[in-house]
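The values are calculated or read from the model by the stated rules, or taken from the named source; none is laboratory data. It should be emphasised that the depicted structure is a prediction, and the values quoted were computed from it without experimental measurement. Note: ideal-geometry Cβ built from the backbone for every residue, glycine included; neighbour counts use all protein chains shown.
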Ligand code: SF4
């Protein structure tokens, strides 16, 4: 094995030879940030527009109304939540069976498959691309929980919404080792005649609760 | 192999065996060499042009994706700046490849991953097969990956009694039909919904008998079919879109969630990645995560992107292997004029705009890498004589859309010159390929506006004139040199040139 390593590295050095392209500095003339502040009305408007375009359901609520919204969205049934979720969010879930999943006490994939929905927080959202990023921290949970259940309710605080991709990457760069899931709408395929069909293997329904 | 100056009329012995002929489902079978199979380009192109269904499928699909791409690229005010950055980052990667690979290895290892190095397809397949067998399983789930297509991994695993289940919808369609992919992003682009329904009914085993050809129903059939496999799989195999040297982070960009399933649920994950897939820093992702989705599926962002760094205790696979693949890439790197082919992020935009690809489809190129990028990458990877550099009009539309600014037309010209040096394609044979490409393209080129704007021949001619001393190029370069003075690049568009050439006849 180390033979292959040595040989590949030496092949590369030989290939580059004397004609090694100069290690040039990268021009970064592109926008490092948008013109609107995180959480501003302009940014939120764009995010909502993009999410709706990708067939996500968007609910803009005040923090006090979130428990009511969750109760309405989850109805009777079962839900899995990450260990660090804000307990107040779940206060209205009278008829819902709530399971907690954590790295220490994970549910199996088969168990998750039997659960109707998942509620998570988010790390950051990108308005221009309609993207929500989860980074696996305790309020978002293991990657599997936001994947296997068919309905994902993602709670995003308005101050977490940035305008551009570079703004989000800068934020995520603080903890690059965290497992990330970037979500832009429900799962979809364009494999049949390039016709977009929403809902394949990931959650077929994505609710985004934008909380101010 | 008996070739006539690199221009075999039929690539006997390399194509699918006759008994692999897939009958009613129309698949082409699985070739022995994924980079070199099927009939010669002119023959395959001719057959494709005679296939009305195929041309309709391709025409519809490429037209749809072109307009989607144009719309979402148009709304990005700094698109050109992103392309410049993307191109420069990839140039930097190649210049510092040894140190960056070592840095990646260090970081992946530090986070609990295991890094393997594979000089060629056989070595990579051996590594993967041994890893799978050690897990005592005979079925693995797979995320669509060009690298594993290129090395024929599924076939190699099958020989060891391991079934590799493709989980991307289009790859599943191709696999079930015993077919080959015809597009690097939408491998079943040559199939329409009715054909897909028929394939599912005949081969899937558990497709609902009353399945219709509504895309939503077809997607749901695939969901149900694969669900059990995802939930029980012990090992997954993926490719990677990007690997970040300074953190050891891997990224996979996808749509359906099959990627997330594979990257998250199994205990063991094996990722096979070409050595050029690196980016130096985490920050560089901000460039490529803007360039790739808009260029490929014409979306502002693809539905899902997964990133992981080694092993995260308690979350996702607890065993992670990264196989770094050469398989000809160092040969490409050694070619100063052509090495920028390694910038490619496999977005497929160049396929979708190509007037030749649009008409002949992916299979005509006889490689898992078809279209403009395939016409340069395939011969460079194999280092063999090839007629593919002639399978282009040099119209330049591919360069215009390439998110990392690979000057494909110029590289094609360089490769043609190299073919001549290699004693490759004879003038007659090259002429046949060139004519086949021109004939295929003439239809799309005739629908003017697209190409009148995009197609500026001079770019490729500059490459010709770089050869300075060449007064008159061997055919078909002679078509260019004869009609104008070099090195002065003409202002004429391809469209005009083509019209003029037609008039001269
Ligand atoms: S060559 Fe450029 S346009 Fe073509 S697939 Fe690669 S990155 Fe995309």
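Below, the figures for the structure above:
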| item | result |
| --- | --- |
| Yes/no for residue B:213 being in contact with a helix residue (DSSP H, G or I) (Cβ under 8 Å, 6 or more places away or on another chain), surrounded by fewer than 18 Cβ atoms within 10 Å (Cβ to Cβ) and modelled with pLDDT of 90 or more | yes |
| Scan of segment B:414-424 for residues that are away from the ligand (no atom under 16 Å from the Cβ) and either part of a helix (DSSP H, G or I) or touching a strand residue (DSSP E or B) at 6+ places or on another chain (Cβ under 7 Å) (or both), ordered by number | B:416, B:417, B:418, B:419, B:420, B:421 |
| Condition broken by residue A:188, with the remaining ones in (1) touching a residue at least 60 places away in the same chain (Cβ under 8 Å); (2) within 14 Å of the chain's Cα centre (by Cα); (3) facing chain B (nearest Cβ under 8 Å) satisfied | (2) |
| Extreme residue, surrounded by the fewest Cβ atoms within 10 Å (Cβ to Cβ), among residues of segment B:390-413 that are outside any helix (DSSP H, G or I) and within 12 Å of the ligand (Cβ to nearest atom) | B:405 |
| Residues of segment A:103-143 classified as free of Cβ contacts under 8 Å to residues at least 40 places away in the same chain, touching a helix residue (DSSP H, G or I) at 6+ places or on another chain (Cβ under 8 Å) and over 13 Å from residue A:183 (Cα atoms), total | 6 |
| Count - residues of segment B:434-459 that are modelled with pLDDT of 55 or more and closer than 17 Å to residue B:398 by Cβ | 10 |
| Of the criteria (1) closer than 23 Å to residue A:187 by Cβ; (2) within 16 Å of the ligand (Cβ to nearest atom); (3) touching a residue at least 40 places away in the same chain (Cβ under 8 Å), which one residue B:289 fails | (3) |
| Sole residue being farther than 30 Å from residue B:325 by Cα and facing chain A (nearest Cβ under 8 Å), chosen from B:231, B:218 | B:218 |
| Residue within segment B:369-387 that is farther than 20 Å from residue B:144 by Cα, within 13 Å of chain A (Cβ to nearest Cβ) and more than 16 Å from the ligand (Cβ to nearest atom) present | yes |
| Counted residues, segment B:338-364 - those being closer than 30 Å to residue B:235 by Cα and either facing chain A (nearest Cβ under 9 Å) or more than 16 Å from the ligand (Cβ to nearest atom) (or both) | 0 |
| Count of segment B:252-295 residues which are closer than 26 Å to residue B:331 by Cβ and outside any helix (DSSP H, G or I) | 8 |
| Residues being crowded, with 17+ Cβ neighbours inside 10 Å and free of Cβ contacts under 8 Å to residues at least 24 places away in the same chain - total across segment A:36-73 | 1 |
| Flag if residue B:335 is crowded, with 23+ Cβ neighbours inside 10 Å and within 16 Å of the ligand (Cβ to nearest atom) | no |
| Unique residue being assigned to a strand (DSSP E or B) and either facing chain B (nearest Cβ under 8 Å) or within 27 Å of residue B:220 (Cβ to Cβ) (or both) when the list is A:194, A:210, A:112, A:206 | A:206 |
| For residue A:192: the one exception among (1) out of contact with any strand residue (DSSP E or B) (no Cβ under 7 Å at 6 or more places or on another chain); (2) at pLDDT 95 or above; (3) crowded, with 24+ Cβ neighbours inside 10 Å | (2) |
| Filtered residue count, segment B:316-331, keeping only those that are touching a helix residue (DSSP H, G or I) at 6+ places or on another chain (Cβ under 6 Å) and at the interface with chain A (Cβ under 8 Å from one of its Cβ atoms) | 4 |
| Candidates B:75, B:102, filtered to the one that is in contact with a helix residue (DSSP H, G or I) (Cβ under 8 Å, 6 or more places away or on another chain), exposed (fewer than 15 other Cβ atoms within 10 Å of the Cβ), more than 29 Å from residue B:385 (Cβ to Cβ) and at pLDDT 90 or above | B:102 |
| Filtered residues of segment B:248-259 (kept if within 9 Å of chain A (Cβ to nearest Cβ) and under 15 Å from residue B:312 (Cα atoms)) | B:248, B:249, B:251 |
| Residue satisfying condition, being at the interface with chain B (Cβ under 10 Å from one of its Cβ atoms) and either modelled with pLDDT under 95 or surrounded by 18 or more Cβ atoms within 10 Å (Cβ to Cβ) (or both), within set A:21, A:76, A:82 | A:21 |
| Pick from segment B:105-122, criterion within 26 Å of the chain's Cα centre (by Cα), buried (at least 19 other Cβ atoms within 10 Å of the Cβ) and assigned to a helix (DSSP H, G or I), ranking: nearest to the other protein chains (Cβ to nearest Cβ) | B:105 |
| Failed item in (1) surrounded by 22 or more Cβ atoms within 10 Å (Cβ to Cβ); (2) touching a strand residue (DSSP E or B) at 6+ places or on another chain (Cβ under 8 Å), with residue B:62 passing the rest | (2) |
